[in-house]
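Before any comments, here is the structure.
The values are calculated or read from the model by the stated rules, or taken from the named source; none is laboratory data. What you are looking at is a predicted structure, and each value in this text was computed from that prediction instead of being measured. Neighbour counts run over all protein chains shown; Cβ positions are idealised from the backbone, glycine included.
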Amino acid sequence: MTTDTKTAPAKGRGEALSKERIVAAAIALLDAEGEAGLTFRALSARLSTGAGAIYWHVADKTELMTAASNAVMARALKGIEAETDPRAGIRAVALAVFDAIEAHPWAGIQLFRDPAGSAMVEIIEGIGGRLLALNVPGESLFDAGSALLNYVLGVAGQNAANARGHPAEVDREGFLKAVADRWIERDPARYPFVHKVAARLADHDDRAQFLAGLDLILAGVVALAETR
């Protein structure tokens, strides 16, 4: 007769430990220190427990990262009503993902590592299910869904990377103005578009620009659906 050699955590200090508590602590560590700061030693210290008690609930860091990303995205998407107008619903899903990745930059990276995971599938269905409701032609569903998904995750990830790449004390507007100033030093005959938009660079709002780009894509998707 075989026996399971895995032993449950001892009662007492580990009794209140749950996977939910571990994931919440992992999210706090990831937000504060980034992925490199998430170690089982740091997690044990934060939870005032031993690593063995944590391993009872999660197998390794990969499983923990996936669980943390799933939790963040599930929380972000929870408030979006199923009966929302399809176009407004896509905007709501996109904005929820954008805000979640801005708040938790590591979560965006994890989505790409686990494209078959529940977080990514929920996002895909949140967008794609509403494309069905818009009556997008079947042969165009994959392309329309991919365009929207790639835009949302790409822009959200880039925005988070930009914020993470500059120290907190760096003045965003000043940095962007310096970039714009360098743009307009170039030959206007060779770079007419760069000169025309340079003034908008320094004072643009990332969230508003994200939604404006999304609306451009949605306008094309709706036009495609209306040609059926």
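Points to keep in mind about this one:
- Helices (runs of 4 or more DSSP H) contained entirely in segment 91-209, each with at least 1 residues that are in contact with a Gly (Cβ under 7 Å, 6 or more places away or on another chain): 105-113, 118-133, 138-165
- A single entry from Gly128, Gly138 fulfils the requirement of being farther than 21 Å from Ala28 by Cβ, surrounded by 15 or more Cβ atoms within 10 Å (Cβ to Cβ), of a type outside the set (Ser, Thr, Tyr) and assigned by TED's automatic domain parsing to the domain that holds Gly213: Gly128.
- Some residue of segment 77-89 being basic (Lys, Arg) and either modelled with pLDDT of 95 or more or more than 27 Å from Asp215 (Cα to Cα) (or both): no
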